[in-house]
Protein chains: 2
Amino acid sequence: MTQSRAGRPLRADAMRNRLKVLEAAEAVFDARGTTASTEEVARAAGVGIGTVFRHFPTKEALLEAVYVSGLRKLAEEAEALASADDPGAAFFTFFTRVVGHAATKNALSAALTEAGVDVPETGQGLKQALAALLSRAQDAGAVRGDVGPPEVMALLVGVSRAAERAQGEVRDRALNVVFDGLRGSHRT
Amino acid sequence: MTQSRAGRPLRADAMRNRLKVLEAAEAVFDARGTTASTEEVARAAGVGIGTVFRHFPTKEALLEAVYVSGLRKLAEEAEALASADDPGAAFFTFFTRVVGHAATKNALSAALTEAGVDVPETGQGLKQALAALLSRAQDAGAVRGDVGPPEVMALLVGVSRAAERAQGEVRDRALNVVFDGLRGSHRT
DNA sequence: GATTAATCGGAGCCATCACTCCGATTCTAC
DNA sequence: GTAGAATCGGAGTGATGGCTCCGATTAATC
């Protein structure tokens with residue numbers, strides 16, 4: 001049997017390089033889009049291409065690793081807000097932050113988009129954290145009751161995508177429109 | 001001087017092929033994304049690659065032609081709704097239709113996204129038609145007054161992008177959230 | 001320090017794709 | 001029908017990018 005599986009400690013230089021590659025990939029994909037070449041990532045990380053492919057056997061695997069990393073950070077932010085005093089503010093703060101990140105980090109909105117489909121386990125973590133934020137905000141009356149996590153995810157993806165282009169005041173006003181919509185129907 | 005400029009009538013077969021290529025490009029890019037190869041477009045059109053490049057000297061030019069075509073159709077829809085009886089309904093109907101198209105036509109949301117940036121003249125046409133729809137809806141009190149065409153465009157792009165993934169009821173509910181937000185703030 | 005196994009690096013392979021070139025074909029004008 | 005020009009088709013070119021392979025290097029173990 002192959003003995004490479006299971007928690008063999010991984011050599012020190014290997015661990016270092018793995019991290020360097022991941023960070024470089026994040027930076028490169030954010031700056032130049034997910035079509036940036038693997039060689040560019042390798043250069044940015046200061047390692048050879050072979051090393052990149054050793055750690056991430058496929059470009060897709062590398063991308064997924066970057067996505068997972070980004071989504072995990074978002075999930076952590078969501079969890080940090082989960083016990084805030086004002087559930088409504090917590091929910092909208094989270095929403096705003098995600099959109100803000102997406103505006104500068106190209107890879108993040110892509111990750112968000114995929115999170116709704118591929119469901120790598122970390123996408124689930126984000127969904128759960130978001131569901132918690134949402135349901136607390138709804139209990140507090142800050143968000144209408146007839147939307148669920150899927151709808152919020154869809155809106156999050158949409159606004160994040162839009163934020164890649166629209167910036168500044170336009171983005172803020174568009175975001176406010178969505179927020180007002182989320183707060184509740186204005187009808188009698 | 002080169003005499004190819006100005007309205008030389010263009011040979012009959014050339015005109016036919018130009019149309020075939022454009023239609024095929026639209027279909028292929030919608031179905032398989034804008035990364036589909038030019039050769040695939042040529043095959044779908046039933047012509048040689050050389051012919052495609054003769055009419056559209058660059059893949060970018062071909063893409064732009066597809067975008068312009070899609071945006072013009074949208075602009076026409078908007079203009080058709082411009083004189084409807086109910087300005088509010090007209091505005092929201094247009095919004096819904098655009099999102100509906102974007103859900104199935106991959107290239108359309110890309111075109112919309114670019115329309116806000118590259119501003120090929122047809123993008124302007126759409127913007128003007130949209131501005132007219134919006135201002136009539138606002139005069140009728142159906143849409144809040146503090147949003148302008150840029151914000152609506154941003155929302156249109158965002159929701160269209162999201163609609164590529166989220167479908168069915170989720171899409172409808174998310175759309176309703178945005179619509180409620182557009183109708184007006186619920187605050188005192 | 002020597003041994004051994006894991007890791008590194010990057011030249012090179014193969015596939016893909018945008019784009020060119022030119023002989024064959026087809027349209028148009030007379 | 002014919003001449004001549006415009007157009008067509010698709011093999012070929014150059015560039016790029018994902019991925020492999022293996023000798024050189026380096027970390028861990030004794």
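Computed from the coordinates by the stated procedures, all read-outs in this text should not be read as laboratory data. Here the structure is a predicted model, which means the values were calculated and not measured. Here the Cβ positions follow ideal geometry from the backbone for every residue, glycine too, while neighbour counts run over all protein chains shown.
Give the nm distances, rounded to one decimal, from A:D86 to the matching residue in every other copy, measuring between label points 7 Å along Cα toward the beta carbon; shortest first.
Result, one decimal in nm: 3.7.
For B:141-154, what's the mean count of beta carbons from other chains sitting within 10 Å of each residue's beta carbon? Walk me through the numbers before you get to the answer.
Values: counts 0, 0, 1, 4, 0, 3, 5, 2, 1, 7, 11, 4, 5, 14.
That average works out to 4.
Test of understanding: in a Gaussian network model of chain A with alpha carbons linked when under 10 Å, which of A:K127, A:K105, A:K20 would top the mean-square fluctuation ranking?
Fluctuation is largest for A:K20.
To the nearest 20 debye, what is the magnitude of the charge dipole of chain B about its Cα centre, counting +1 on the Cβ of each Lys and Arg and -1 on the Cβ of each Asp and Glu? Kindly include the intermediate steps, with their values, before the conclusion.
Numbers: 23 positive and 23 negative charges, 101 e Å.
The calculation lands at about 480 debye.
With the label 7 angstrom out along Cα to Cβ, how close does A:R16 come to the same site in each of the other copies, in nm, nearest first?
Result for A:R16, in nm, nearest copy first: 6.9.
With the dipole of the range A:33-188 worked out from charges on the C-beta (+1 for Lys and Arg, -1 for Asp and Glu) around the Cα centre, which of A:A166, A:G145, A:V68 lies farthest toward the positive end?
Positive-most Cα among the choices belongs to A:A166.
Rounded if a/c is under 1.5, else prolate if a/b is larger than b/c, else oblate: which is the range B:63-183, with a ≥ b ≥ c the root eigenvalues of its Cα gyration tensor?
On the way: a/c = 1.72, a/b = 1.16, b/c = 1.49.
It comes out oblate by the Cα gyration axes.
Just going by the charge dipole of chain A, with Lys and Arg at +1 and Asp and Glu at -1 on Cβ, which of A:A107, A:G181, A:L156 is farthest out on the positive end?
Comparing the listed Cα positions along the dipole, A:A107 ranks first.
Divide by every residue of the protein assembly as shown the summed helix terms, -39500 (n - 2.57) for each DSSP H run of at least 4, and state the resulting mean residue ellipticity at 222 nm, rounded to the nearest 500 deg cm²/dmol. Don't skip to the end; give the middle numbers.
Details: 18 runs with 274 residues, N = 376.
Per the formula, -24000 deg cm²/dmol.
Around A:I49, under 15 Å between beta carbons, what's the net of Lys plus Arg minus Asp minus Glu among the other residues? All intermediate terms of the calculation are to be shown ahead of the outcome.
On the way: positive: A:R18, A:K20, A:R43, A:R54, A:K59; negative: A:E39, A:E40.
For residues surrounding A:I49, the net value is +3.
Is the shape of the range B:1-88 best called rounded, prolate or oblate, per the rule: a/c under 1.5 gives rounded, else a/b larger than b/c gives prolate, else oblate, with a ≥ b ≥ c the square roots of the Cα gyration tensor eigenvalues? Don't skip to the end; give the middle numbers.
On the way: a/c = 2.58, a/b = 1.50, b/c = 1.72.
Taking the square roots of the gyration eigenvalues as a ≥ b ≥ c, the range B:1-88 is oblate.
Where the label is 7 Å out from Cα toward Cβ, how close does A:R54 come to the same position in every other copy, in nm, shortest first?
Copy-to-copy label distances for A:R54: 5.4 nm.
Assuming a ≥ b ≥ c are the square roots of the Cα gyration tensor eigenvalues, decide whether the protein assembly as shown counts as rounded (a/c under 1.5), prolate (otherwise, with a/b larger than b/c) or oblate.
Working: a/c = 2.41, a/b = 1.08, b/c = 2.22.
In terms of gyration-tensor shape, oblate.
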